[in-house]
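Below you'll find the structure, written out as structure tokens, and then a few comments.
The values are calculated or read from the model by the stated rules, or taken from the named source; none is laboratory data. All of these numbers come straight from a predicted model, not from anything done at the bench. All Cβ positions, glycine included, derive from the backbone under ideal geometry; neighbour counts span all protein chains shown. SASA here: full protein model, heavy atoms, side chains in, ligands and nucleic acids out. Shrake-Rupley method; radii C 1.70, N 1.55, O 1.52, S 1.80 Å.
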2 protein chains.
Amino acid sequence: MDKKRSDCPISCSLDILGDKWSLLIIRDVMLRGKMSYSEFLNSEERIATNILVSRLTILEGEKILVKDVSPENKSKYIYSLTQKGADLLPIIIELMDWGAKYNKNCPRKELGQRIKKDKAAVVRELSEVLKHKVK
Amino acid sequence: MDKKRSDCPISCSLDILGDKWSLLIIRDVMLRGKMSYSEFLNSEERIATNILVSRLTILEGEKILVKDVSPENKSKYIYSLTQKGADLLPIIIELMDWGAKYNKNCPRKELGQRIKKDKAAVVRELSEVLKHKVK
DNA sequence: TTTTAGTTGTTGCAAAATGCAAGTACAAAT
DNA sequence: ATTTGTACTTGCATTTTGCAACAACTAAAA
């Protein structure tokens, strides 16, 4: 954690999350079941390797993600959400809702449709699911 | 609007909002009644003048803000939210809630307290207020 | 009229972050 | 022993950001 720009909670959040990549990694873990460096690397947005390492380090340092050796493959690491990371769910959902609303090229899929109908229910259900995976 | 990284709605949102400053400007307009270049410049986070101009141009280009000559002072511009900009309210509220929850130095003030108690009500009330100001 | 203050920028330059390509290290599989 | 998979590191060019100074315009004051 560097020095904060101010004590405004929005500013504090943006100090950590305010870039184009961090929340995409969170999305991958939260909604797409991705857990490893190579899975993140293969996301369609094509993050560079050095940026990915840098962001994973920061997210781990902020205790948003935790890193463990994979049980199946000892030369592999898996990243999981902490409760602090899981609590980013509403932000992710709102970004998805706004993005879908104002981009024609972003057709709403299953989750998007459900968010449009009952956002609160989606957040409730997903946070329940995440609760059982949190480290 | 540059080229998008993907059609994921979260990614699309971050293409526009994914930096440390844009959402702080939105915060200033949305929650602090700020409307002008000089007011944004004087926020405690101390944005640089070239960054501010750059962000205002982008936000105007994305039709999140609109720029008009001030009625009182013809050498002054005022920036207002469009409906697209006002629809960022839930994102701002969630960033505030998460930031306040995980930062000791961010004591929740009036709005923060109300968000903690009943987030949905706050969003409903504030979006009603914003609706009447939208350009 | 000249000056001063207020407002919204622009410009130049250094520092930091990002993007890209290649290389490294280590474990497991063949 | 070699290859494959996984997780990085490094070097370098490009882009963005941060900082400080300067500029253009308007309105009001002296």
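Check every one of the helices (runs of 4 or more DSSP H) wholly within region A:10-66 and list those with 2 or more residues that are of a type in the set (F, W, Y).
Helices (runs of 4 or more DSSP H) meeting the threshold: A:37-41.
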A:L95 being open to solvent by less than 80 Å² (accessible area, probe 1.4 Å), in a helix (DSSP H, G or I) and away from every other protein chain (no Cβ under 12 Å): no
Residue that is most open to solvent (accessible area, probe 1.4 Å), among those in region A:12-26 that are within 12 Å of DNA strand D (Cβ to nearest atom) and more than 19 Å from A:L81 (Cβ to Cβ): A:K20
Test: residue in region B:46-65 that is over 14 Å from the mean Cα position of the chain (by Cα) and away from DNA strand D (no atom under 13 Å from the Cβ): yes
Long-range neighbours under 6 Å by Cβ, at least six apart or interchain, first residue within 7 Å of chain A (Cβ to nearest Cβ) and closer than 26 Å to B:G99 by Cβ within region B:2-21, second open to solvent by less than 10 Å² (accessible area, probe 1.4 Å) and of a type in the set (K, R): B:I10/A:R27
Residue ID - nearest to the other protein chains (Cβ to nearest Cβ), chosen from residues in region A:67-92 that are open to solvent by 50 Å² or more (accessible area, probe 1.4 Å) and under 18 Å from A:G33 (Cβ atoms): A:K67
Matching residues in region A:27-62 - criterion: being within 9 Å of another protein chain (Cβ to nearest Cβ) and either open to solvent by 70 Å² or more (accessible area, probe 1.4 Å) or more than 10 Å from DNA strand C (Cβ to nearest atom) (or both): A:R27, A:L31, A:S43, A:E44, A:R46, A:E62
